[in-house]
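K.L.:
Below is the structure I would like to discuss, written out as structure tokens.
Every read-out reported here was derived from the displayed coordinates using simple, explicitly stated rules and does not represent laboratory data. What you see is a predicted model, and the numbers here were worked out from it, not measured in a lab. Backbone-built Cβ (ideal geometry, glycine too); neighbour counts: all protein chains shown.
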Amino acid sequence: MVILDTSIWIEFFKGNDPYFDQVSFLIDQNEVIGLSCIFGELLQGAKGNRENNLIHDFSQESSSHCYCY
């Protein structure tokens, strides 16, 4: 199990390699722990509705992607 730092999530949501592929693999393997405080940081730094919606939607659906606390 891994907890991803905010900076890793940012690279993942941008789709940047190698972060996107590695995080996607970990998510598919149910190896990611998502922390609400980290999603809160991501939402606080979101630039516009598109980023806000992307982060919010992922965090709401994340129970099927990763373990969230």
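K.L.:
Work out how much length Gln22 to Ile3 would gain on full extension: take 0.36 nm times their residue separation and subtract the Cα-Cα distance, in nm to one decimal. Spell out each step's value before the answer.
P.N.:
Details: separation 19, 0.36 × 19 = 6.84 nm, distance 1.33 nm.
Extra length available between Gln22 and Ile3 comes to 5.5 nm.
K.L.:
What does the charge count around Gly15 come to, taking other residues whose C-beta lies under 13 Å from its C-beta (Lys +1, Arg +1, Asp -1, Glu -1)?
P.N.:
Details: positive: Lys14; negative: Glu11, Asp17, Asp21, Glu51.
Summing Lys and Arg as +1 and Asp and Glu as -1 gives -3.
K.L.:
Hey, rough spin-label estimate for Leu35 and Asn49, points 7 angstrom out along Cα→Cβ, what's it come to in nanometres?
P.N.:
Reported label-point gap for Leu35 and Asn49 is 3.2 nm.
K.L.:
Moving on to the next point. For the chain, what's the relative contact order in percent, using C-alpha pairs closer than 8 Å and at least 6 residues apart?
P.N.:
Result for the chain is 38 percent.
K.L.:
Another question about this same structure. With just the Cα atoms of the chain, tell me how far they stretch along each of the three principal axes, in Å, largest first.
P.N.:
Between the extreme Cα coordinates on each principal axis of the chain lie 31, 26, 17 Å.
K.L.:
What's the local net charge at Ile27, with K and R +1, D and E -1, over the other residues with C-beta under 13 Å away?
P.N.:
Details: positive: none; negative: Asp21, Asp28, Glu31, Glu61.
Charge balance near Ile27 sits at -4.
K.L.:
Hey, if you put +1 on the Cβ of every Lys and Arg and -1 on every Asp and Glu Cβ in the chain, which of Val32, Thr6, Asn52 ends up farthest toward the positive end of that dipole?
P.N.:
Value computed over the given set: Asn52.
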